[in-house]
Structure formats: C-alpha cells, structure tokens
C-alpha cells in the first residue's frame, strides 16, 4: 500500500511540475503590434517585424501582428494600451497629442514615436481628358476617399476640407483595390490614396483606363496647407511611375511612424530596434516590401515632431541620430 501511495505522490508531483512548466512558457509576454487592413503596407510592417527570426527567438516576449483599420484606429488603440505598438502617420500623432483630430478633442498623449518607416504621399487618380485639373474641379464628382478609420480617409478629409471641397463631392469610403475596381467600372470619377508608390491599386486602374495624377503640390502651396500642417513635406511622384503618366507630379507626404504606448518597457523598444535596424534586419524588411528601402539608421528620426519613447531615444542617441 505504501508503494501505491508513493507512486501516486510521485505522479502528482510530476503533474504539478509539468503544469508549472506549461505556465512558465505561457507567461512569455505578448506584445501586440497594430498594423492595418489586409494587404496594406501598415499590415506588412507588423507582419514583417513578427516574422523576423531574431524577433521570434527573443526569450522574454513574443510579438503578435494584429490587423486594424489603419492610422487613426492604431492611434486610439496604442493610446489606450490595447496595442503596444502600431503604425501611425506622424500627422495623426501630432494632431492627436494636441487634441486637434477631426470631431475629436481627446488628447492622445500616451502615444510615443519609435522610428520613421517610410514617406506616404497623397495621390489623386483621374481619367485622362476628364477635365479634372485640380482638387477644386472635384465638386459634384464621385470620389473614392479611402476606408473609414484609415489614415487615407483622415488625410483626404483634412486636405479636401482645407481646399473647400469635402462637402461638395459624392464621397465613397472604400479601400484602394475596391476604389480602383469601381473606377474601372466608371462608378467613380476619381480616387484618393495616401500610400507609398508605386501603388498596386493605381497600376490596376491604369490597365483599364488612361489615367492621370492631379498636381496636389500646387494646391497645397497656393492654399497655405504646409503652414497650417507643418508635419507634411513636399515630394513628387516621378514620371513613369504609372503607365501613361509621363510627367513628374508634385504632391505632399506624411511620414509613417512606428509608435509605442508610453508604458511599454524601454528595454522592449530598445531590443526590437536593435534587431530591426541592423543590415540583416533592414534587408528582411525590404524583402517583405520594397517600400521599406526608406528605412535606415540615418533616417530613423525623420518626420518625428512629437516626443519619442525613452527606449527609442536611448537607441537613436547611441546611433548619433539625436
């Protein structure tokens, strides 16, 4: 009988030890990285960080990419601590921090910059010969303005409102690919994007129609847009980027930033930057999307006009960027 009790005690002890092992492994901290809609560049950022092998090998925590509607939703989720990291446009971090978001006076002060990722320019696609030469010519037209909750939609509303046309167009809130398809079926007169070029949606649109891009840079300069919104910078979509668009098209861009909640430990931020901003890490990012060629140690703090996370500040100071 003693042997039976001894055996049972040993089994119980083994079970407790096994459960303890399971609990230890499940205690690995889960870090949520907010991306964007499926197929979008924001989501590629989050997925790329999650799938990088040295990140997967970290013992203390695991990174989990999570889809979202985009920049504005990421701002709110990171601020609330529902996401630890996210991709947010620099402009939305700036506006959110200062309580200047459209129809939203909340101050999103828990969102801190980690690094510059890439520049995202506005692009407004029309048909050749449509008579639409500037943003103001959109009055009365059917326009794809990006999906609700996205940075594209928010920046379209911001710019079109500044130009006085937001309430004078027939707005269609939809993603880029859906907009390109609707444009191809003559259901839209124009569609707006706020993303790196070349965009697959614009390439698709150019296969079914002779397209043109509107000079947004001229509209922005003449209207005082840059003075009112200092986080935007000038750039141009090069000639030949899209089929049939043989001239350089001036535009403006915002910077897509990697951001973190202020309560994410500094060593977590520092550790991830130390892995991603290496030759191997940056090569991995570019292998996921060519847009990430814009990422570099030298450009790490570009486009950041708001406070930086302490872990990021330490990293970039060591690199001589700050």
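Please treat every number below as a calculation from the coordinates, not as lab data. Treat the numbers as computed from the prediction; the structure is a model and nothing was measured. When we count neighbours, we look across all protein chains shown, and the Cβ atoms used for this are built from the backbone with ideal geometry, even at glycine.
Assorted remarks:
- Amide N of segment 69-99 lying under 12 Å from the label point, which is placed 7 angstrom from the Cα of residue 296 along Cα→Cβ: none
- Residues in segment 72-103 that a label on residue 109 would reach, taking backbone N under 12 Å of a point 7 Å out along Cα→Cβ: 97-99
- For the chain, the longest principal axis of the alpha carbon atoms and the long axis of helix 266-276 meet at an angle near 70°.
- In this rough spin-label picture, where each label sits 7 Å from Cα along the Cβ direction, the residue 227-residue 133 distance is 2.5 nm.
- Tail weight of P(r) past 18 Å, computed on alpha-carbon pairs of segment 72-158, percent: 51 percent
- Averaging Cα coordinates gives a centre for segment 291-322 and one for segment 208-267; these two points are 20 Å apart.
- Nitroxide proxy distance, nm - points 7 Å out along Cα→Cβ at residue 56 and residue 98: 4.3 nm
- Dimensions of the chain along the principal axes, based on C-alpha atoms and rounded to the nearest Å, stand at 95, 44, 39, largest first.
- Once the Cα atoms are used to define both axes, helix 279-288 deviates from the longest principal axis of the chain by about 60 degrees.
- For the chain, the longest principal axis of the Cα atoms and the long axis of helix 151-162 meet at an angle of about 30 degrees.
- q = 0.11, 0.15, 0.17 Å⁻¹: log10 I(q)/I(0) that the Debye formula gives for segment 218-319, counting C-alpha atoms only: -0.49, -0.81, -0.94
- Globularity index of segment 120-254 is 0.94 (Cα radius of gyration / 2.2 N^0.38 Å, N = number of residues).
- Restricting attention to the chain, close to 65% of DSSP beta bridges with both partner residues there are antiparallel.
- Spin-label model, residue 267/residue 248: points 7 Å from Cα along the beta carbon direction are separated by 4.9 nm.
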